[in-house]
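For reference, the structure is listed below as structure tokens.
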Amino acid sequence: MTAIDLSATIGNETFQHPLINAAGVWDETATEMNAVLASDAGGLTTKSATLAPRAGNPQPRYFDTDLGSINSMGLPNQGLAYYLDFIANTDTNKPIDLSVTGTKMADQIDALKQIQASDFAGLCELNLSCPNVVGKPQIGYDLEATKEILDRVFAFYTKPLGVKLPPYFDLQQYDAMAEILNQYPLTYINAINSVGNGLVVDPETERVIIKPKGGFGGIGGKYIKPVALANVRAFRQRLRPEIKIIGTGGVTTGTDVFELILCGADIVELGTVVMQEGLDAFARINQELADLMAAKGYQNLADFRGHLQEYDA
Ligand code: RRO
């Protein structure tokens with residue numbers, strides 16, 4: 001029997017396995033990032049970096065539930081220089097995706113200028129969708145602001161760039177956002193970030209479960225898989241084929257990964273499942289995906305990527 005090939009490509013980067021960590025999961029410090037690289041993850045995403053280090057929101061700011069998680073981390077990170085330094089000094093053959101953001105558009109532009117001026121030539125992900133900065137809306141829900149930041153970025157940025165998007169819920173939102181994204185030389189999009197500003201309630205104490213923002217936070221895990229599938233499918237149907245897609249949201253099994261790739265994802269990110277199960281989730285889910293592909297007679301991810309059929313096809 002021919003071996004199953006789980007490799008996938010985004011830009012100039014080849015991932016030997018299609019699963020990497022979602023930004024914000026096991027990736028704030030060098031110790032955590034080295035552990036991801038030592039696991040069966042196909043690559044590493046860094047915590048979204050801001051120009052200066054940030055402590056983030058007050059605790060408690062993350063909570064696991066039966067179906068997933070809620071978080072309002074508030075961008076705790078070590079600052080962009082730390083992540084550039086980590087990448088420059090890390091000897092690995094796995095791709096590292098540098099996630100970057102800011103609480104103001106000017107800071108996001110400055111961060112990308114620093115990356116453009118650095119030796120880093122790998123994938124960079126501009127996070128347009130953090131739901132947890134007090135008083136700041138998600139850029140990805142503002143068409144004008146999205147267009148403005150991409151205009152400003154692509155006036156100087158020439159390295160491979162992706163954008164992390166919030167979930168959309170209306171077909172017209174996909175039309176409008178895809179029309180904008182198609183105008184730029186994006187390497188990929190990442191759909192989706194957590195479903196922003198959900199609420200988890202503790203019926204016993206009659207309180208909210210996390211402290212920041214009155215308890216509102218980003219929802220991840222099983223709750224959001226159908227939203228992730230829809231966003232990946234809808235964007236694959238609308239984006240230029242050269243723009244690749246990282247599918248993120250609600251994966252806990254190899255079958256979930258299969259479904260996201262069937263909808264058009266090139267690779268897939270794990271978030272809440274790694275928070276709950278640890279880094280062994282990568283090996284387990286890779287194996288489940290390979291077993292499912294073998295059972296179906298698929299040898300490569302390209303054998304089924306984007307092949308989702310209509311109901312009466
Ligand atoms: O740090 C966070 O609170 C956070 C970020 Br930057 C993000 O993009 N998504 C999320 O759920 N939390």
Those residues of region 115-161 which are open to solvent by 40 Å² or more (accessible area, probe 1.4 Å), under 22 Å from Ala52 (Cβ atoms) and within 15 Å of the ligand (Cβ to nearest atom) amount to Val134, Gly135, Lys136, Pro137
Of the residues in region 71-114 that are open to solvent by 10 Å² or more (accessible area, probe 1.4 Å) and aromatic (Phe, Trp, Tyr), the one that is farthest from the ligand (Cβ to nearest atom) is Phe86
The number of residues in region 148-205 that are touching a residue at least 60 places away in the same chain (Cβ under 8 Å) and assigned to a helix (DSSP H, G or I) is 5
Counted residues in region 242-277 being surrounded by fewer than 24 Cβ atoms within 10 Å (Cβ to Cβ) and in contact with a Ser or Thr (Cβ under 9 Å, 6 or more places away or on another chain) come to 8
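Can you confirm whether Gly217 is closer than 13 Å to Ser69 by Cβ, crowded, with 23+ Cβ neighbours inside 10 Å, out of contact with any helix residue (DSSP H, G or I) (no Cβ under 6 Å at 6 or more places or on another chain) and touching a residue at least 24 places away in the same chain (Cβ under 8 Å)? Lay out the reasoning, then the answer.
Working: closer than 13 Å to Ser69 by Cβ: yes; crowded, with 23+ Cβ neighbours inside 10 Å: yes; out of contact with any helix residue (DSSP H, G or I) (no Cβ under 6 Å at 6 or more places or on another chain): yes; touching a residue at least 24 places away in the same chain (Cβ under 8 Å): yes.
When the stated conditions are applied, Gly217 passes them.
Listed here are the residues, each with its yes/no results for (1) away from the ligand (no atom under 13 Å from the Cβ); (2) open to solvent by 30 Å² or more (accessible area, probe 1.4 Å); (3) within 20 Å of Leu260 (Cα to Cα).
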{"site": "Lys164", "(1), (2), (3)": "no, no, yes"}
{"site": "Pro167", "(1), (2), (3)": "no, no, yes"}
{"site": "Gln172", "(1), (2), (3)": "yes, yes, no"}
{"site": "Glu179", "(1), (2), (3)": "yes, yes, no"}
{"site": "Thr187", "(1), (2), (3)": "yes, no, yes"}
{"site": "Asn190", "(1), (2), (3)": "no, no, yes"}
Filter region 5-24 for residues that are open to solvent by less than 50 Å² (accessible area, probe 1.4 Å) and β-branched (Val, Ile, Thr); the one that is nearest to the chain's Cα centre (by Cα) is Ile20
Only unsatisfied item for His307, checking (1) outside any loop (DSSP other than H, G, I, E, B); (2) touching a helix residue (DSSP H, G or I) at 6+ places or on another chain (Cβ under 9 Å); (3) open to solvent by 30 Å² or more (accessible area, probe 1.4 Å), is (1)
Per the filter on region 279-297, residues open to solvent by 10 Å² or more (accessible area, probe 1.4 Å) and without any contact (Cβ under 8 Å) to a residue 40 or more places away in the chain are Arg284, Gln287, Glu288, Asp291, Leu292, Ala295, Lys296, Gly297
Practice item. Determine if region 92-105 includes at least one residue that is in contact with a Lys or Arg (Cβ under 7 Å, 6 or more places away or on another chain) and of a type outside the set (S, T, N, Q). Key: no
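The values are calculated or read from the model by the stated rules, or taken from the named source; none is laboratory data. On a predicted model such as this, the values are computed, not experimentally measured, just so you know. Here Cβ is always computed from backbone atoms with ideal geometry, including for glycine, and neighbour counts include all displayed protein chains. Just the protein is used for accessible areas: all its heavy atoms, side chains included, with ligands, DNA and RNA removed. Shrake-Rupley method; radii C 1.70, N 1.55, O 1.52, S 1.80 Å.
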